[in-house]
1. Within the set of pairs 6 or more residues apart or between chains, which connect a residue that is farther than 23 Å from Ile222 by Cα inside segment 175-197 to a residue that is of a type in the set (Lys, Arg) and at pLDDT 75 or above with Cβ atoms less than 6 Å apart?
2. For segment 75-131, name all the residues that are free of Cβ contacts under 8 Å to residues at least 60 places away in the same chain and among the basic types (Lys, Arg).
3. Can you tell which of Gln197, Gln110, Gln97, Gln123 is within 20 Å of the chain's Cα centre (by Cα) and over 30 Å from Arg67 (Cβ atoms)?
4. Collect the residues in segment 74-110 that are loosely packed, with under 14 Cβ neighbours inside 10 Å, hydroxyl-bearing (Ser, Thr, Tyr) and not in a loop (DSSP other than H, G, I, E, B), keeping them in residue-number order.
5. Condition check: surrounded by 16 or more Cβ atoms within 10 Å (Cβ to Cβ) and more than 17 Å from the chain's Cα centre (by Cα). Does Thr204 satisfy that?
6. For segment 164-186, enumerate the residues that are among the hydroxyl-bearing types (Ser, Thr, Tyr), closer than 14 Å to Ile199 by Cα and at pLDDT below 75.
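The values are calculated or read from the model by the stated rules, or taken from the named source; none is laboratory data. All figures in this text were calculated on a predicted structure; none of them were measured in a lab. Methodologically, a virtual Cβ is constructed for each residue, glycine included, from the backbone with ideal geometry; neighbour enumeration extends over all protein chains shown.
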Amino acid sequence: MWALSFISGFLILKTSDDTLLPIFQDTLFESWLIRFDVGNEIISNISLSFIVSVIFYLLVVWLPAKRKRNLIKYNYKKQYSAFKKGMIIVFLSACNQSYNSKLLNKLNIQSEFKRYFEEQVSQSQNRWHVVINGLEEQHLKDILMELELFVNETDYVLNNIEFKDKKVFEFLNELKRTVYRLKNSTLEYKDVKMISQFIWQIFTGWSWSDGYPESDIIQDMINEI
C-alpha cells in the first residue's frame with residue numbers, strides 16, 4: 001500500500017500541468033517528470049483517487065484499529081502482572097511466608113522466582129515443595145480464581161485482535177485450554193501435581209525443549225500482539 005501510494009504521488013506530479021519548482025529544474029528529477037504524451041488527466045485522477053482512499057482508510061480503519069490494539073495490549077499486560085502478583089501471594093501464604101511489595105516485585109522476575117522457590121529450607125525440601133505441601137482448599141480456590149480471571153482476559157484478547165503471528169495465537173489459545181482443564185481440580189495428589197507443574201512452567205518459563213529461558217515467554221507473546 002505504501003509503495004502504491006508513493007507511485008501515485010509521483011504520477012500526480014508527473015501528470016500535473018503546473019510549472020516545475022525552480023529547485024527541480026535542470027536536474028535529473030526534471031526528466032522524470034516530463035508529462036506523458038496522452039492520458040495525463042486520467043492517470044492524475046486515478047492516482048489522486050487512490051491517495052484519497054488511502055488517507056480515508058488510515059483515518060477511519062487503521063488508526064482506530066491501532067488504538068484499540070494498543071489499549072487491549074496495555075490492559076492485557078496489566079492483567080498479566082496482576083495475575084502473577086495474585087498467584088505469588090497465594091504461594092507465599094501456602095508456605096506461611098510473610099511478604100512485602102519489594103518481595104512481590106522481585107518474585108515477578110522469572111530468574112528470581114526460580115531462585116527463591118528452589119532455595120532449600122530443610123534437608124529434604126525446597127521452598128516450592130513447602131508451597132505444594134501447604135496448599136489447602138482455599139489456596140486451590142484462589143489459584144483457580146486467578147487462572148480463570150486471566151484466561152477470561154486472554155479469551156477477550158483472542159476474540160478482539162487479529163493476530164499477525166500465528167504462534168502467538170496458538171500459544172494463547174493453548175494457555176486458555178489448559179486453564180479450562182484445571183478448573184475442576186481438587187486437592188488430590190494427581191491434580192495438585194498437574195497444577196504445580198503448570199504453574200512452575202508459567203513462572204519460570206520451563207519447557208522440556210528449551211529448559212529455562214532468560215525471558216518471560218508469556219510476556220514475550222503479549223509484546224508480539
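1. Listed pairs, sorted by first residue: none to list.
2. The answer is Lys78, Lys85, Lys102, Lys106, Arg115, Arg127.
3. Working: Gln197 fails: within 20 Å of the chain's Cα centre (by Cα); Gln97 fails: within 20 Å of the chain's Cα centre (by Cα); Gln123 fails: within 20 Å of the chain's Cα centre (by Cα).
Gln110 is the lone residue from the list that is within 20 Å of the chain's Cα centre (by Cα) and over 30 Å from Arg67 (Cβ atoms).
4. Within segment 74-110, Tyr74, Ser81, Ser101 qualify.
5. Numbers: surrounded by 16 or more Cβ atoms within 10 Å (Cβ to Cβ): yes; more than 17 Å from the chain's Cα centre (by Cα): yes.
Considered against the rule, which asks whether it is surrounded by 16 or more Cβ atoms within 10 Å (Cβ to Cβ) and more than 17 Å from the chain's Cα centre (by Cα), Thr204 comes out as yes.
6. The answer is Ser185, and nothing else.
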